[in-house]
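The values are calculated or read from the model by the stated rules, or taken from the named source; none is laboratory data. Predicted model only: the values in this text are computed from it and were never measured. Note that we place each Cβ from the backbone using ideal geometry, even for glycine, and neighbour counts take in every protein chain shown. What goes into the accessible areas is simple: the full protein's heavy atoms, side chains included, and nothing from ligands, DNA or RNA. Shrake-Rupley method; radii C 1.70, N 1.55, O 1.52, S 1.80 Å.
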Amino acid sequence: MDTQLRTPRLVSYIRDSRGFTLIEIMVVMVILGILAGLIVPRIMDRPEEARRTKAAIQIQAIEQALKLYKLDNGDYPTTEQGLQALVEPPSVGRLAKKWRKDGYLEKGRVPKDPWGNDFVYIAPGLHGDFDLMSYGPDGEPGGEDADADVNNWEIE
């Protein structure tokens, strides 16, 4: 009998609560709008940041291959020989004395930067034994902010 007395009150309570008011819905919409305005721009910048990080990692890997090349052959490849000297024995300039059979880079090819461009290699460099850089998304030297170059002498 006790359950019969509670059932009418429960039904009555359900009928009285009809949902959210317009003001409650508007408050939720404003809060969601503010959150989207703060979070979406930060998320949208992440792909570019990831490409810049990948370029820096690729530059460091190529630097290590260049150091191994120098260890085997006494000098870094010249600008004319380029990074291709890391995947096949150079045929111009100073020839490699002890070039490794499988080369110095994995997969037997010089990688492209994350924007699909070739890395730029200059030896001797202006900032060290060699300069190695990616010109970034615009593919042009220089640039600022999102178009800035990624340079080996700036990587920590």
- Under 19 Å from Lys67, Cα to Cα: lysines that are on another chain or at least 8 residues apart: Lys97, Lys98, Lys101, Lys107
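Is there a quick way to get the dipole size of the chain? I mean about its Cα centre, with the Cβ of Lys and Arg at +1 and of Asp and Glu at -1; what is the value in debye to the nearest 20? Walk me through the intermediate numbers first.
Numbers: 19 positive and 25 negative charges, 203 e Å.
I would put it at about 980 debye.
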- Task: Measure nothing but the geometry: give the 0 to 90° angle between the long axis through the Cα atoms of 22-73 and the longest principal axis through the Cα atoms of the chain, rounded to 10°.
- Result: 20 degrees
- Query: What label, among (i) 40, 37, 25; (ii) 101, 38, 24; (iii) 44, 41, 31, belongs to Cα extents along the principal axes in Å computed from the structure on display?
  - Reply: (ii)
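Using only DSSP helix segments of four residues or longer, with each worth -39500 (n - 2.57), what per-residue ellipticity at 222 nm results for the chain after dividing by its residue count and rounding to 500? Intermediate results must be reported in sequence, preceding the final value.
On the way: 2 runs with 67 residues, N = 156.
Counting only the DSSP helices, I get -15500 deg cm²/dmol.
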- Hey, any idea what % of the chain's accessible area is carbon plus sulfur with a 1.4 Å probe? 58 percent
- Rolling a 1.4 angstrom probe over the protein heavy atoms, how many square angstrom per residue are accessible across the chain? 73 Å²
- Message: Less than 18 Å apart at the alpha-carbon level, and either on another chain or at least 8 residues along: which aspartates and glutamates does that give for Lys70?
- Response: Glu80, Glu88, Asp102, Glu106, Asp129, Asp131
